[in-house]
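Report on the following structure.
Bear in mind that the values in this text are calculations on the coordinates, not laboratory data. These figures come from a predicted structure and were not determined experimentally. Cβ atoms come from the backbone with ideal geometry, glycine included; neighbour counts cover every protein chain shown.
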Amino acid sequence: MDLSNASALVTGGAGGFGEATVRRLVDGGAKVVIADLAADKGKKLAEELGDSVRFVETDVLSEESVAAAVAAATELAPLRVAVIVHGGPAAGKRIIGRDGARYPLATFRRTVEVFLTGTFNVLSQAAEAMAANEPLDSGQRGVIISTASIAGFEGQAGQSDYSAAKGGVIGLNLTAARDLAPLGIRTMVIAPGTFLTPAYPDPVQAEAHFGPTVPNPKRMGRPDEYAQLALQIVQNDYLNGETIRIDGALRFGPK
C-alpha cells in the first residue's frame, strides 16, 4: 500500500511498540495520529516529528474518544492504516493462588476489556472510516494491524486474563478479515514474544533474565523490529487474515 496521501492511527502510539511504529510510518510517508492516554509523552513525540503528526488523548474503551482520534486522522488524509498496540493491565495471579484466594472477576474483566474490547472498538471504527475511502489502484482501502502476544497461544501460569484477551484478539482476526474483505480492508495480527520496552524499568535486568530463554537470536526483541514488521504488513497487500509471531522461536513454558 502506498502511504503517500494517507493517514495512520496508532493507539498506544506513545509507548515502546507504538513510538517505533509511528516513526516507521512517518518515514514511509504517512501522516500519523498518536492516540494514547500518555499525554506528555504523546505531545512530545508529535512535536519532535513535526506537522505530519498529531497527538490525540485517547481512551480505547470510549467510543467517543476513539471516534475523535479517527476523525483527527481523516482530517490529515484518508485513513488507510490503523495499528492497535496500546498497553494495559499486566497479568497477575493464578486462578486459585497458593493462598487459596480466587482471582477477582473484576480484574479479569478489566484486562479483557482493555485488550480485547478496546481492540474491537478501534478496529470497527477505523474500518468504518476506511470503508468511505476511494479504493487505490489495487482495490484496497486500508489495513488494520492488531497486537496479540505469544501468550495468546501458550499462556503461562498466572496469565489467565491476559492470555484470554490476547487469544481473543487472535480469534477475532480471521472473522474481521472476512467481514471486511468486500470493502478492500485487510486485517492482521502481530504476536510478539519478549520485547525490551519501557514496561521494564530495569532493561539490563530484563535482558539478563529473558534474553537467554530466546532460541535465536539470544536476546529480547527490539520495538523497531515490531515496527518494521508492521510497515511490511502495510506494504504487502497479500498479507491478510493471519497472525504473525515475532519471537525468535520462543515458546512459553508453564511458568
> Hey, what angle do you get for helix 223-235 against the long axis of the chain, alpha-carbon based, 0 to 90 degrees rounded to 10?
Replying inline: 40 degrees
>> Could you tell me the calculated FRET efficiency between ASP51 and ALA199, based on Cβ-Cβ distance and R0 = 25 angstrom, to the nearest 0.05?
In response: 0.25
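Quote to one decimal, in nm, the extra length available between ILE170 and LEU239 on full extension: 0.36 nm per residue of separation minus the C-alpha distance between them. Can you show the working numbers first?
Numbers: separation 69, 0.36 × 69 = 24.84 nm, distance 1.50 nm.
So the chain would gain 23.3 nm between ILE170 and LEU239.
Quick one: compute the contact order of region 101-206, relative version, from alpha carbon pairs under 8 angstrom and 6+ residues apart, as a percent. Please report the intermediate quantities before stating the final value.
Numbers: 123 pairs, mean separation 32.3, N = 106.
Computed over region 101-206, the figure is 31 percent.
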> Looking only at ALA208, ALA35, ALA165, which one moves most when the chain is put into a Gaussian network model with springs between Cα atoms under 10 Å?
Replying inline: ALA208
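What does the helix-only formula give at 222 nm for the chain: each DSSP H stretch with n ≥ 4 adding -39500 (n - 2.57), the total divided by the residues, and the result rounded to the nearest 500 deg cm²/dmol? Please list the in-between numbers first.
Numbers: 8 runs with 101 residues, N = 255.
For the chain, the value works out to -12500 deg cm²/dmol.
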> When the chain is modelled as a GNM with alpha-carbon springs shorter than 10 Å, which of GLY97, GLY193, GLY184 fluctuates the most?
Replying inline: GLY97
>> Test of understanding: ordering LYS43, LYS255, LYS166 by Cβ neighbours within 10 Å, fewest first, what list do you get?
In response: LYS255, LYS43, LYS166
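Quick check on the exposure proxy: order HIS209, HIS86 from fewest to most C-beta atoms within 10 angstrom. Mind dumping the intermediate values first?
Values: HIS209 13, HIS86 26.
Least to most surrounded, the residues fall as HIS209, HIS86.
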> Relative to the longest principal Cα axis of the chain, at what angle does helix 16-27 sit, 0 to 90 degrees, rounded to 10?
Replying inline: 20 degrees
> For the residue pair ASP27 and ARG94, what label-to-label distance in nm results when each label sits 7 Å from Cα along the Cα-to-beta-carbon direction?
Replying inline: 4.5 nm
>> Report the gain in length on full extension from THR107 to ALA39: 0.36 nm times residue separation, minus Cα-Cα distance, nm rounded to one decimal.
In response: 22.0 nm
> So which aspartates and glutamates can LYS31 reach, going by Cα to Cα under 16 Å and dropping same-chain residues fewer than 8 places off?
Replying inline: ASP2, GLU19, GLU47, GLU48, ASP51, GLU75
>> If I model region 153-254 as equal point scatterers sitting on the Cα atoms and use the Debye formula, what is log10 I(q)/I(0) at q = 0.10, 0.19 Å⁻¹?
In response: -0.34, -1.05
>> Can you give me the distance in nm between label points at GLU64 and ARG178, each placed 7 Å from the Cα along the Cα-to-Cβ direction?
In response: 3.6 nm
> If each of GLU75 and ALA249 carries a label point 7 Å out from its Cα toward its Cβ, how far apart are those two points in nm?
Replying inline: 5.0 nm
> Roughly what angle does helix 160-180 make with the longest principal axis of the chain, taking Cα atoms, 0 to 90 degrees, to the nearest 10?
Replying inline: 30 degrees
